[in-house]
1. Could you list, in sequence order, the residues of segment 235-249 that are of a type in the set (D, E, K, R) and over 20 Å from the mean Cα position of the chain (by Cα)?
2. For a quick check of your reading of the model, give me the residue pairs whose first member lies in segment 91-113 and is over 14 Å from residue 43 (Cα atoms) and without any contact (Cβ under 8 Å) to a residue 12 or more places away in the chain, whose second is open to solvent by 50 Å² or more (accessible area, probe 1.4 Å) and part of a helix (DSSP H, G or I), with beta-carbon atoms closer than 9 Å and at least 6 apart or on different chains.
3. For residue 56, work out the one condition from (1) part of a loop (DSSP other than H, G, I, E, B); (2) more than 23 Å from the chain's Cα centre (by Cα); (3) surrounded by 15 or more Cβ atoms within 10 Å (Cβ to Cβ) it doesn't fulfil.
4. Enumerate the pairs (first residue in segment 161-190 and over 19 Å from residue 232 (Cα atoms) and open to solvent by 50 Å² or more (accessible area, probe 1.4 Å); second residue anywhere and small (Gly, Ala, Ser) and modelled with pLDDT under 95) with beta-carbon separation below 6 Å, excluding pairs fewer than 6 apart on the same chain, so at least 6 apart or on different chains.
5. Give me the pairs, please: first residue somewhere in segment 237-260 and among the hydrophobic types (A, V, I, L, M, F, W, C), second residue anywhere and in a helix (DSSP H, G or I), beta-carbon distance under 7 Å, and either six or more positions apart or on two chains.
6. Any idea which residue in segment 217-243 is most open to solvent (accessible area, probe 1.4 Å), counting only those that are under 23 Å from residue 206 (Cα atoms) and in a loop (DSSP other than H, G, I, E, B)?
7. What pairs come out if I take residues in segment 68-86 that are closer than 14 Å to residue 21 by Cβ and pair them with residues that are among the charged types (D, E, K, R) and surrounded by fewer than 18 Cβ atoms within 10 Å (Cβ to Cβ) whose C-beta lies under 9 Å away, six or more apart or interchain?
8. List every residue pair whose Cβ atoms sit under 8 Å apart, with the two residues 6 or more apart in sequence or on different chains, where the first one lies in segment 19-45 and is over 30 Å from residue 82 (Cβ atoms) and the second, anywhere, is assigned to a helix (DSSP H, G or I) and acidic (Asp, Glu).
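The values are calculated or read from the model by the stated rules, or taken from the named source; none is laboratory data. Note that the structure is predicted; figures quoted are calculated from it, not measured. Virtual Cβ from ideal backbone geometry, glycine too; neighbours counted across all protein chains shown. The protein model used for the area step is the full one, side chains on, heavy atoms only, and it has no ligands, DNA or RNA in it. Shrake-Rupley method; radii C 1.70, N 1.55, O 1.52, S 1.80 Å.
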Amino acid sequence: MTVLVLTQRFDPTADLVIRELHRREVPVFRCDPGDFPEQIALCAHLSSTGTVTGTLRQGVREISLTEITSVYHRRPSPHRAHRHLNESERRWSEREAAAGFHGVLSALESFWLNHPDDNRVAAHKPRQLAQAARAGLSVPEGLITNTTHAAHTFALAQAKTVYKPMTGGPEPDGSGQVGKALYTTVVEPEEIEPGVERTAHLFQGWVDKAYEVRLTVVGEELFAARIDARGEAARTDWRSDYGSLSYAPIQTPSPVREAVLRLMCALGLTYGALDFVVTPTGSGCSSNSTRTASGDGSSWPPVFPSPPRSPPGPSKEHT
């Protein structure tokens, strides 16, 4: 039994998981798919009966594919083709590398945390919100549109409106420009301009907050942390100012636990990190929820579950 850990070289979260696996004497093989095909050698045989055998090798380390019983898909780098290939060849090579590397691993009868295909589908925020509501969680009213008039009309109908990016911020374009984070932003109706028509935008009604909760789910284990924000920016989006935050463990109410497990099942995920708002008045944010929130969090209503997030940082390399 070996756990295959797929992540980039510097990943402190993966380091902690691997340390615990080592403590439990569980064999681990760590590699970054971005090193394939230049630094990783894959040799897989597919039999006429459907069995998959072969090896995965990087440097002096090698593992038999039949030894892999679990795959921890953490933060792998994208496949990188040989630098001497032209642009067209590079794109083709990287597509083939992804199809071969992940295709072989997907053909193994292994447990995944999480499978990248499941992550990809679950990452669509509109699907998250719809499935959360169907699972019995409370979500705010929202609008996804590229129509200025619709966005303006929606904002006028809300006491307060926020814009939330659905895929993060713009990525570097290769010209030296750095990536830009986009946080939840309060939007006034008069601030909505024709630029909305350039792409899809998610607008939601504002939910007053007593505090927020980050709920980490692994299988049927739930770990909840209360997040209190002191800064103004962090009270709108706590990711914008980590220095103003304080944390404390908090219990997950049974109705919330049951609804979250239904949501995870609907999304096909084993691991997830979800964000919730607890209101100061003790009322839920949508009329279809029978649960209420109280200031002590004894029955907090979840709103706006979101995909896993964790800050990058330095780590030590493991084998």
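1. 235
2. Going by the 9 Å Cβ cut-off, the qualifying pairs are 106/117.
3. Looking at each condition in turn, residue 56 falls short on (1).
4. Pairs found: 171/179; 172/179; 180/169.
5. The qualifying pairs are 245/234; 245/238.
6. Taking segment 217-243 and keeping what is under 23 Å from residue 206 (Cα atoms), we get 224-242.
Add one more test, that the residue is in a loop (DSSP other than H, G, I, E, B), and what stays is 230-231, 237, 241.
Working: 230: 141, 231: 17, 237: 11, 241: 57 Å².
Out of the qualifying residues, it is 230.
7. Listed pairs, sorted by first residue: 69/109.
8. As it stands, the answer is 27/67, since those pairs meet every condition given.
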